[in-house]
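**Student:** Below: one structure in structure tokens.
Taken together, the values in this text are just the output of simple stated rules run on the coordinates, not laboratory data. As the structure is a prediction and not an experimental result, all values here were calculated from the model. Because the Cβ atoms are built from the backbone with ideal geometry, glycine has one as well, and the counts that use them run over all protein chains shown.
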Amino acid sequence: MERKGQSKLGIASLLISIFTAIGLFIVFLIAGVMESNTYGGIDEESAGAIILGLFIFGFVFLDLLAIGLGIVGILQKTRERITAIIGTIISSATFLITVSLIGIGLSMG
């Protein structure tokens, strides 16, 4: 059976994972700047911190969506798999990095 074209789900996974990786980088950069520019650190109950936290959870949800789309794209028998594989790898890496950073932040208090 010959494969015809790239998987649309794989393309969606790749695009979402790239968008999510860039978004998470920007959110963590903003959080770092806010932490370093605020005397005594950022207030965890401030509006800025809450909005950043919501963005992080939103991007984590998008990461999980990209992983799911990538896996489904990989399992398609009649389509090329390379974009689905790359999208799954990028979204899995950003998901693991984000969860690790959250874990490190929680353990530091």
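**Student:** What number of residues within the stretch 1-27 are buried (at least 16 other Cβ atoms within 10 Å of the Cβ) and in a helix (DSSP H, G or I)?
**Tutor:** The number of residues fulfilling the criteria is 14.
**Student:** Which of the residues belonging to the stretch 12-56 are in contact (Cβ under 8 Å) with a residue 12 or more places away in the chain and in contact with an Asp or Glu (Cβ under 9 Å, 6 or more places away or on another chain)?
**Tutor:** If we filter the stretch 12-56 for residues that are in contact (Cβ under 8 Å) with a residue 12 or more places away in the chain, which is where we start, we get 12-21, 23-24, 27-28, 30-31, 34, 48-49, 52, 55-56.
Result: ILE16, SER17, THR20, ALA21, LEU24, ALA49.
**Student:** Would you confirm whether or not the stretch 39-57 contains a residue that is out of contact with any strand residue (DSSP E or B) (no Cβ under 6 Å at 6 or more places or on another chain) and on the phi > 0 side of the Ramachandran plot?
**Tutor:** Yes - at least one qualifying residue is present in the stretch 39-57.
**Student:** Can you tell me which of (1) surrounded by fewer than 17 Cβ atoms within 10 Å (Cβ to Cβ); (2) of a type in the set (Phe, Trp, Tyr); (3) under 15 Å from the mean Cα position of the chain (by Cα); (4) more than 30 Å from LYS4 (Cα to Cα) is the one TYR39 doesn't meet?
**Tutor:** The one condition TYR39 does not meet is (3).
**Student:** I want to confirm something. Restricting to the stretch 96-109 and keeping residues that are among the polar types (S, T, N, Q) and under 20 Å from ILE30 (Cα atoms), which single residue is surrounded by the most Cβ atoms within 10 Å (Cβ to Cβ)?
**Tutor:** THR98
**Student:** Return the total of residues in the stretch 57-95 being outside any helix (DSSP H, G or I) and either surrounded by fewer than 17 Cβ atoms within 10 Å (Cβ to Cβ) or not charged (D, E, K, R) (or both).
**Tutor:** To start, the set of residues in the stretch 57-95 that are outside any helix (DSSP H, G or I) comprises 76-81.
Now restrict to residues that are either surrounded by fewer than 17 Cβ atoms within 10 Å (Cβ to Cβ) or not charged (D, E, K, R) (or both): 76-78, 80.
Number satisfying all stated conditions: 4.
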